[in-house]
Each structure stands twice: as structure tokens, then as C-alpha cells.
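Contents: one structure, followed by commentary.
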Amino acid sequence: MIRKDQTFHFFLLAPLLIILFLFIGLPICQSFFLSFHRDIVGLPNLGNAFVGWVNYSNLLHDPVARHSLLITGVFVGITTFFELLLGLFFALLMHHRFPGRGALRACVLIPWAIPTVVSAQMWRFLFNDAYGMVNYALFGADTTKYIPWLSLPATALLSIVTADIWKTSSFAALLILAGLQVIPEDLYQAARVDGASRWSRFQHITWPLIRPAMLVALLFRTIDAFRVFDLAFVMTQGGPADATNVLQLYGYKKMFVEGWMGYGSAISVCIFIIVLFLAVVYVQMVGRRLLEARV
Amino acid sequence: MRVVLRSILVLGMLCSTGIGIQESRADDPMIITFLTWKPNQPGVWKQLIERFNRENPNIQVRVQVAPHSSTEYHAIISQRLKNKDKSVDVFFMDVIWPPQFANAGWALDLTSRFTPQQRQKFLHGPISANTYGGKIYGVPCYLGAGLFYYRKDLLKKYHFKPPETWSAMLSQGKVIIEAEKNPGLNIYSAQFKQYEGLVCNMLEFIWSNGGSVFDSETGKATLAMPPAEQAVTFVRDHIIGKAAPRGALNYEEPESLDLFIQGKAIFHRNWPYAWAVMNDPKGSRIAGKVGVGPLPAFHGHSSASTLGGWQFGINRYSRHPKQAWQFVKFMTSHETQKFLAINAAVAPTRRSVYHDPDVQKKMPHLEAFLPAFEKARPRPLSPVYPMISQALQRFFSRSIVGEKTNIQEMIQTTSGEIEKLFKLGSMIRK
């Protein structure tokens, strides 16, 4: 009887499993396969010989890739830190009861709902050196002081960092808000009866109880930030002087612009492994926290 | 990234099945598929194809539209040709593709059809861009080249002739800016973002100093020789942040043109399309105040322009090469080029069209473009050009981004990379 049930369940799941395999499993396997071959689109006469670890060892000694990894690391570090900070701030604000709270919640989510390509284009205009609103806001009509944000290596990276923080802080806020809302109100009432101050209520009730939610937000944001592509693609194309050449963009250029299918795949496989590693570490942490919270 | 690959695959499958069904009946006219991107004046091109279909009732040309961006289009067409896709007969090729398509065996060798006598009637630059290993693989449709636009009103006001050297451009510019007392005015506007356009701009500086990037005969990089190094250093020290705003480090064509049509630059480098934009009083503050000619050069050397433009190629796996050639011949005839020059405002590749009275009457500026077109040079001819270009973009952008960049050290690394890539390109598995 149970056996029969299991087969039936499997049949119900089959369509989903097939789709997952076709659209996630296969491409990942293909990337792994390609990364061990020298397959160059523009040079079909070379064939696609198996080259073992050559693509990976080249990647290890590629100064541009190392620079890209560094840039991506800096991007991930800064964006996740500020997104969590702002997310916490917005979540606490939205959790508060006040007139117009519904409207505020909707507004905060707008940046997250806009497709990245569109918001990247918008930020490109905002950071424009000649007519950008950022310059106008800072320097008014004095055009001689205008800063070419996207043309200097340091400020170009800062610009895509800003665009990312603007866009996804609200996503972090949403996750943290969900964590806030499961905290029972009587805990605060009891604390108030005991005469706890606003700060100590936050420190001893809110903070420990939203930590699992913070971790989930951290997990999503780190992984997502690591895969940044569209912001750099639209705003700077990786320039100037590779200052915004994030890993995904570098892999894309190697694969689709230059035609190194094998080498490009090796880059995506590395990104996949790094992200997988991060995910496993975080999920372990989150899992433990959740268990602790339940006990 | 994987999503793109997958959608290309699906697209390819859809296209090939679609065409297969179309061709099943024997008494129908033969169907030729022309792969191109959506042009700016689709109606004009449609008229041409309808005319061809009327004149050749036994052939029907069908148009397949690919993405407008050259890079995206290349990604799709190279995937299809790599898989020996027979569903494309004629394709539009960007000027930097013929060596790759020839080397890969994707483009049909047209040497016997496109004879030397016929080739002589075309401008030299586009013909050499379509030649690889002594054979020709494409017929040029229209061309582009870096042109030098200048504010004719300002030059006249201060009694200057259009500058022939880069240093004359700088000194004229300084005089004009000082006298005009306009702090928002720049001397020069061009494209210095890290992308393909940067290579075009920098090559013009290097070539106009007698330098080059590499020698395709010997396979040796010539980038490290003094002329190239001097030219790159000149751009870093005198153009970026001086003659041109530092913001130009993130300028592609539209941004740099914008500066010029707002009246904020005296000199401007761009492709032929910019002429119509800057003379349109609806969006331009300088309509009618613009002159055009070849780019300046360094003292003692002659001007050079980077060649752009599009060609027709025939798929080597096409089942109807004869009919495909008939279509290409029609599309590159004097009559067609004249029609395109007048109605789509593109620059013809046949010399005779420039001397056609109708063209001269309706498109008088084309004659002013001709000197620059005659000097137009193709970018390094190599099947691995996309890789060479990425290495050059990196080198140029890193060289000009700051005031104290180590050009000499980077030039050595880049030369090594280019030589390695060239060797890879000439490796052929027998």
C-alpha cells in the first residue's frame, strides 16, 4: 500500500523533476563538461579537445580574473553590509504602527520591483557627468565642479554599489520585517512591565529574535550580490580600466564576445562553487539558529 | 548566461523547423534566407527585397531578423554557422568578421564570382577587410569610417582652417575657448569608454603617427614600437581631462555626440550617421554650423580612419549558392547602392555612386566624406580579432585612465598576449 503511494507521489513530482533537470541540471552539467575542453567558437577547426584542468590552471594565473574576483568581493562586502543595515532600519520603520503604513510598505518595495536593467539605465543617467541629477544635487549649476562618476575607477565602482544598495535594501527589509512580525507582542508588554527601556527592549528581545531572519537576508544578499552582472553591463561595460569588471561580466565577455566557451565555463563553474560554498555555510548557520530559536 | 545559450538553441531549432516546412514543395520558387538585423529604415530595405523578388520570380528572399547589437548578432550567427545550419543562405557581416568566418569555413569563397575587375570598382578599405589569405569572402554593402566634425562657424570667426595635425587642433581650441570665455566648452569630444569604439579611436591616433598594432605577415606585435607608444601617451597627457572632458572615459557614440550638438565641443570624432543628427534643427543647437573632413594626424604623418560597415556573405553550407549570389549581386549593384544612399543615407562602397549626379544633388555631404573613406583602414585582420580587441580595450583603458599610468610595462604584456592570440588563430588542425 505504502509502496503504491510512493510510486504515485513520484509520478506527481515527475513533471517538476524533469523541468528542474532540463533547465537547471543539464546546463550545470554542460558547463562542467565544457570547462574541461578547449572549445573556441571562432576557431572550429581546432575542434573541442579535452584539455583536463588547463582552463582552471590558466584561470588561477589570470591577473584579470584575480582582479575581477577582488572587485566582486569588494562589491559583495559593501553592498550586503549597507543593504542589511538599511533593511533593518526600514523593517523597524514599517513594523511601527502609524497612519499610511500600507502606502509606505508599498513604496519601499518599488525599487526592488523595477527590473535591474531599467534601474541601471536610470542610474546611468543620474550619474552622468554633464547632466546627471547627482551632480546637480551636489553642485547646482556650477558645471565646472561636476564629477564624472562613471569615468573614474573608484567612483565607477561606488556608483554600481549605490545602485545595488538602492535597489535591494527593500528586499532585505521585507525578509527582516517577516522576522519582526513573528515576535509575540506579550514579550514587549512583559518587558515594559519590568521597566525595560526602548533600547534594552531592542537589545534583549528584538535583536536576538530577528537574527535568524537577518541571516536569511544575509544569505540571499551575498549570493545575489556575488552574481552581479546587469548593473555593470548597463552602466559601465566593466570599465574604466576594468574597475567594474565583475566576475560574471568577465565570464560573459570571455564566452560570448571572445568565444572561449571552455574558459568562460571554467569561470562560471568557479562562481557556482563559491556560491554553493557560501550557501552551504549559511544554511548550516541558519539551520542551527532556527533550532535554537524553537527550543 | 545559461539562459542566453538556451534561448539561442531554442531559437535556432524554431527557425530551422520553420524553414524546413517552407521548402517541401518542389514547384514553389526557391527560398533564400537573408539573415540581418533590423535596420533604421526597415521600409527602404523591404522595398529593395520586394523589387528583387519581382524581378526574379524563381527566387523568393525571406528576411530573418537578428538582434541589433553587433556583439549579440555575432553570438547568434556564429552558434548557427558552427552547427552547419543550412537554413541561412545570405548573411550580413560586420567589417571585423570576414577573417574569422573565412578561417572557420563558414563563409563561401567568392573569389571566382567577385572578380578582381569588379573589386576595383569598390573602395579599397572594405575590399581589404573582406580579403583573407588572398581570397575574398564578402561583398561590401555600405561603409563607415571615423570622421572629423568641426564647428565651421567658430573656426571662421577666428580665421582658422580645419586643423591637419593634432597639435594644431589643441592650439586652435585653446585660442577659441579663451576668447569665447565659455567654461563649458571643450576642445574635443570622442569615444573613450572601455568597449570596441575605444579601439577604433585609439587606432586612429596610432595609425596617424605611423604606428600599428601588429603585423599580420610576420605575426609580430608592433604595439611596443615608439609611434604607437607616443600616440597612446599623447592621448593620456593631452586629450583625456584636457582637450576632452574626463567624462569621455565613459562615452560611447551617443554621449560624445550629445556634447557636440549641445554646442559644448569644438571638434568631434564620429561615424557618418552623426551628420544627419547634428544637422537636424529639432535636436541640435549647431545645425548648419558643422564642417566635416578627415581626422588630424601627427606632424609628418597622414590621417587615418578606422573602417566600419557591413558586407554580404554567403553561407558555405547553403544549398542554393547560385541564387544567393544573384541576390548579393543585386544588393550591391550601382542602382541599389544609389537607392540606399539616397533613401537610407548610408555611405556607398562603390566609387561610381559618389559621382552620380542624383546622389550629389540629394546627398551633397557624401563627397566631403570621400577623402576619409579613401583613407579608411580595417582593424587587425585576424580570425581571433574579438580576443585581440578585448586585450587592446583593456590596455588602452588602463593606459589613459589616470595621469601616471605605466604604459611601457602594459605595452609589453599586451604585445605578448596579442602574439599568443595570433599564433592560436593560425593553428589549424589537419
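Checked against the criterion of being more than 12 Å from chain A (Cβ to nearest Cβ) and either modelled with pLDDT under 90 or farther than 21 Å from residue A:237 by Cβ (or both), the candidates B:420, B:404 yield just one match: B:404. Scanning region A:33-61 for residues that are more than 9 Å from chain B (Cβ to nearest Cβ), surrounded by 13 or more Cβ atoms within 10 Å (Cβ to Cβ), within 30 Å of residue B:102 (Cα to Cα) and not charged (D, E, K, R) returns A:33, A:34, A:35, A:36, A:37, A:48, A:51, A:54, A:55, A:58, A:59.
All of A:203, A:237 fail the test of being more than 30 Å from residue A:125 (Cβ to Cβ) and either among the polar types (S, T, N, Q) or within 14 Å of chain B (Cβ to nearest Cβ) (or both), apart from A:203.
May I ask you to list the residues in region B:250-304 that are among the aliphatic types (A, V, I, L, M), closer than 30 Å to residue A:149 by Cβ and away from every other protein chain (no Cβ under 14 Å)?
B:266, B:274, B:277, B:278, B:286, B:290, B:295
Hey, could you check region B:365-380 for residues that are charged (D, E, K, R) and farther than 13 Å from residue B:97 by Cβ and say which is surrounded by the fewest Cβ atoms within 10 Å (Cβ to Cβ)? Spell out the reasoning first.
Filtering region B:365-380 down to residues charged (D, E, K, R) leaves B:367, B:374-375, B:377, B:379.
Going one step further and asking which of them are farther than 13 Å from residue B:97 by Cβ, we end up with B:367, B:374-375, B:377.
Details: B:367: 12, B:374: 14, B:375: 22, B:377: 19.
Across region B:365-380, the extreme among qualifying residues is B:367.
Take residue B:247 and tell me if it is part of a loop (DSSP other than H, G, I, E, B), within 13 Å of another protein chain (Cβ to nearest Cβ), more than 19 Å from residue B:395 (Cβ to Cβ) and not aromatic (Phe, Trp, Tyr).
Values: part of a loop (DSSP other than H, G, I, E, B): no; within 13 Å of another protein chain (Cβ to nearest Cβ): yes; more than 19 Å from residue B:395 (Cβ to Cβ): yes; not aromatic (Phe, Trp, Tyr): yes.
Against the criterion (part of a loop (DSSP other than H, G, I, E, B), within 13 Å of another protein chain (Cβ to nearest Cβ), more than 19 Å from residue B:395 (Cβ to Cβ) and not aromatic (Phe, Trp, Tyr)), residue B:247 does not qualify.
For region A:228-246, name all the residues that are in a loop (DSSP other than H, G, I, E, B) and buried (at least 19 other Cβ atoms within 10 Å of the Cβ). Within region A:228-246, A:228, A:236, A:237, A:238, A:239, A:240, A:241, A:242, A:243, A:244, A:245, A:246 qualify.
In this structure, does residue A:7 turn out to be touching a residue at least 40 places away in the same chain (Cβ under 8 Å), in a helix (DSSP H, G or I) and away from every other protein chain (no Cβ under 14 Å)? It would help to see each step written out before you state the result.
Values: touching a residue at least 40 places away in the same chain (Cβ under 8 Å): no; in a helix (DSSP H, G or I): yes; away from every other protein chain (no Cβ under 14 Å): yes.
Judged against the criteria, residue A:7 is not a match.
From the list A:180, A:219, the one residue that fits, being in contact with a His (Cβ under 9 Å, 6 or more places away or on another chain), assigned to a helix (DSSP H, G or I) and touching a residue at least 40 places away in the same chain (Cβ under 8 Å), is A:180.
Suppose the filter is in a strand (DSSP E or B) and under 30 Å from residue B:402 (Cα atoms); does residue B:192 pass it? Even if it seems obvious, please write down each step before you answer.
Details: in a strand (DSSP E or B): no; under 30 Å from residue B:402 (Cα atoms): yes.
Taking the combined requirement at face value, the residue does not satisfy it.
Hey, can you tell me all the residues within region B:173-185 that are more than 14 Å from chain A (Cβ to nearest Cβ) and either among the aliphatic types (A, V, I, L, M) or without any contact (Cβ under 8 Å) to a residue 24 or more places away in the chain (or both)? Steps first, please.
Here is the first cut: in region B:173-185, the ones more than 14 Å from chain A (Cβ to nearest Cβ) are B:173-176, B:178-180.
Hits for region B:173-185 are B:174, B:175, B:176, B:178, B:179.
Among the listed residues B:321, B:383, identify the single one that is closer than 18 Å to residue B:214 by Cα and either crowded, with 19+ Cβ neighbours inside 10 Å or of a type outside the set (Val, Ile, Thr) (or both).
Working: B:321 fails: closer than 18 Å to residue B:214 by Cα.
Within the list B:321, B:383, the selection yields B:383.
Here the condition is being exposed (fewer than 15 other Cβ atoms within 10 Å of the Cβ), in the same structural domain as residue B:394 (by TED's automatic domain parsing) and among the small types (Gly, Ala, Ser); of B:231, B:168, B:179, B:190, it holds for B:179 alone.
Out of B:333, B:302, report the one residue that is in the same structural domain as residue B:266 (by TED's automatic domain parsing) and surrounded by fewer than 18 Cβ atoms within 10 Å (Cβ to Cβ). Break it down into steps so the answer makes sense when it comes.
Working: B:333 fails: in the same structural domain as residue B:266 (by TED's automatic domain parsing).
Result: B:302 is the single residue among B:333, B:302 that is in the same structural domain as residue B:266 (by TED's automatic domain parsing) and surrounded by fewer than 18 Cβ atoms within 10 Å (Cβ to Cβ).
Among the candidates A:147, A:176, single out the residue that is modelled with pLDDT under 90, in contact with a helix residue (DSSP H, G or I) (Cβ under 7 Å, 6 or more places away or on another chain) and either within 30 Å of residue A:216 (Cα to Cα) or within 14 Å of chain B (Cβ to nearest Cβ) (or both).
On the way: A:176 fails: modelled with pLDDT under 90.
After ruling out the rest, the residue left standing is A:147.
Right, residue B:389: among the hydroxyl-bearing types (Ser, Thr, Tyr), in contact (Cβ under 8 Å) with a residue 12 or more places away in the chain and touching a strand residue (DSSP E or B) at 6+ places or on another chain (Cβ under 6 Å) or not? When the stated conditions are applied, residue B:389 does not pass them.
Of all residues in region B:49-88, those being under 23 Å from the mean Cα position of the chain (by Cα) and over 30 Å from residue A:261 (Cα atoms) number 0. Here residue B:363 clears all of (1) aliphatic (A, V, I, L, M); (2) within 22 Å of the chain's Cα centre (by Cα); (3) in the same structural domain as residue B:34 (by TED's automatic domain parsing); (4) farther than 19 Å from residue B:273 by Cβ except the condition numbered (4). Among all positions in region A:75-84, there is at least one residue which is acidic (Asp, Glu), more than 30 Å from residue B:427 (Cα to Cα) and crowded, with 20+ Cβ neighbours inside 10 Å. Just a yes or no: is a residue in region A:136-143 of a type outside the set (Asp, Glu), within 13 Å of chain B (Cβ to nearest Cβ) and under 20 Å from the mean Cα position of the chain (by Cα)? Checked region A:136-143: no residue is of a type outside the set (Asp, Glu), within 13 Å of chain B (Cβ to nearest Cβ) and under 20 Å from the mean Cα position of the chain (by Cα). Criterion applied to B:341, B:345 was being more than 30 Å from residue A:242 (Cα to Cα), surrounded by 18 or more Cβ atoms within 10 Å (Cβ to Cβ), in the same structural domain as residue B:138 (by TED's automatic domain parsing) and modelled with pLDDT under 90, and the one residue passing it is B:345. Of the residues that make up region A:60-72, is at least one assigned to a helix (DSSP H, G or I) and within 22 Å of residue A:216 (Cα to Cα)? Scanning region A:60-72 turns up at least one residue that is assigned to a helix (DSSP H, G or I) and within 22 Å of residue A:216 (Cα to Cα).
Can you pull out the helices (runs of 4 or more DSSP H) entirely within region B:272-383 that have at least 3 residues that are over 30 Å from residue B:227 (Cα atoms) and touching a residue at least 40 places away in the same chain (Cβ under 8 Å)?
Working: elements: B:274-278, B:321-331, B:334-343, B:351-354, B:357-362, B:365-374.
The helices (runs of 4 or more DSSP H) meeting that bar are B:274-278, B:321-331, B:334-343.
Quick one: in region B:213-223, which of the residues that are buried (at least 19 other Cβ atoms within 10 Å of the Cβ) and assigned to a loop (DSSP other than H, G, I, E, B) is nearest to the chain's Cα centre (by Cα)?
Residues of region B:213-223 buried (at least 19 other Cβ atoms within 10 Å of the Cβ): B:213-214, B:221, B:223.
When the remaining residues are screened for being assigned to a loop (DSSP other than H, G, I, E, B), the result is B:213, B:223.
Details: B:213: 18, B:223: 21 Å.
For region B:213-223, the residue satisfying everything is B:213.
Within region A:66-95, residues that are assigned by TED's automatic domain parsing to the domain that holds residue A:248 reach partners that are of a type in the set (Ser, Thr, Tyr) and not in a helix (DSSP H, G or I) with beta carbons closer than 9 Å, at six or more positions or on different chains, in the pairs A:71/A:244; A:75/A:244. Looking only at residues in region B:104-128 that are within 14 Å of chain A (Cβ to nearest Cβ) and touching a Leu at 6+ places or on another chain (Cβ under 7 Å), the one that is farthest from residue B:367 (Cα to Cα) is B:104. Look at region B:129-143: where a residue is touching a residue at least 40 places away in the same chain (Cβ under 8 Å) and a partner is aliphatic (A, V, I, L, M) and in a loop (DSSP other than H, G, I, E, B), sitting 6+ places away or on another chain with Cβ atoms under 6 Å, you get B:129/B:95; B:142/B:346.
The values are calculated or read from the model by the stated rules, or taken from the named source; none is laboratory data. No experiment lies behind these values; they were computed from the predicted model shown. Don't worry about glycine lacking a Cβ; one is built from the backbone with ideal geometry, like all the others, and counts go over all protein chains shown.
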